[in-house]
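Notes to accompany the following structure.
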Amino acid sequence: MNQNHSTKQSLAGFLIMAVLSLAFVAASGPLYQVLRGPVTTNQPEFPLKDGVYSYEGTADSKGFSDQVELTVKDGVITACTWDCIGADGVGKQQLSMEGLYVMTEDGPTWKAQSEALAAYVIEHQSVSQLADAQGYAKDAIASVSINVTGFVNGINECLRQAAA
């Protein structure tokens, strides 16, 4: 009889821990959002509709096409990605991480540079003042040495789609 009682207590303890764990997981996402605060205090240049917007450019002379995705939530840009996808479906982000797309031996990878550009857009809510006349990031992002024309075009198209 003691063994049966002990088994019931163990089962009850397990169920209580499972319920508490599920409650913690369910509450942690919204709690994280509240504690983290807004992604930026800057506002877009014009009102934006919430949604996910995308752009795909035409292939360049090397067969890569720009792909940009922009997420707007509560009227601000909250996420942004940029990659250049080859005819084989493999992007420069992946190629650079595998060491198959190397721009410089000691500089940041293509992936790191595209992520820095995305972070810039989220922080500034814009690409104005990002590129010079030749399409290179000005002093706004010191680590970026790649041509950003496709990125800027993609962001501008996504912003056009998101215009309220």
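Read the figures in this text as sums done on the coordinates, not as results from a lab. The shown structure was predicted, so the numbers you read here are calculated from the model rather than taken from an experiment. Cβ coordinates were reconstructed from backbone atoms using ideal geometry, including for glycine residues, and neighbour counts include every protein chain displayed.
Relative contact order of the range 70-113, taken over Cα pairs closer than 8 Å and 6 or more residues apart, is 23 percent.
Share of pairwise Cα-Cα distances greater than 19 Å in the range 38-121 is 46 percent (whole percent).
The distance linking the range 97-115 with the range 47-73 is 21 Å (Cα centroid to Cα centroid, whole angstrom). Taking 18 Å as the straight-line reach from the Cα of Lys62, the aspartates and glutamates in range (excluding those fewer than 8 positions away in the same chain) are Asp83, Asp88. Take the Cα of Asn42, step 7 Å toward its Cβ, do the same at Ala59, and the gap between the two points is 3.5 nm.
May I ask for the Kirkwood hydrodynamic radius of the chain, worked out over all distinct Cα pairs and given in angstroms to one decimal?
Numbers: mean 1/r = 0.0534 Å⁻¹.
For the chain, the Kirkwood estimate is 18.7 Å.
For the chain, complete DSSP H runs whose alpha carbons reach 30 Å or more along their own long axis and whose mean Kyte-Doolittle score is -0.5 or higher are 2-36. As a length-normalised measure over Cα pairs under 8 Å and 6 or more apart, the relative contact order of the chain settles at 22 percent. Taking Cα centre as origin and charging only the Cβ of basic (Lys, Arg, +1) and acidic (Asp, Glu, -1) residues, the dipole magnitude of the range 74-164 rounds to 220 debye.
Using 11 Å as the cut-off for backbone N distance, which residues of the range 119-141 belong to the label zone defined by a point 7 Å from the Cα of Ala163 along Cα→Cβ? No residues fall inside that zone.
Placing unit charges on the Cβ atoms of the charged side chains and taking the dipole of the chain about its Cα centre, the candidate lying farthest along the positive direction among Leu159, Ile85, Thr7 is Thr7. Each residue in Phe64, Phe151, Phe14 was given a count of other beta-carbon atoms within 10 angstrom of its own, and listing them fewest first yields Phe14, Phe64, Phe151. The slack between Gln9 and Ser145, meaning 0.36 nm per residue of separation minus the straight C-alpha distance, is 42.6 nm.
Quote the charge dipole size of the chain about the Cα centre in Debye, to the nearest 20; the model charges only the Cβ of Lys and Arg (+1) and of Asp and Glu (-1).
Numbers: 9 positive and 17 negative charges, 158 e Å.
Dipole about the Cα centre, nearest 20: 760 debye.
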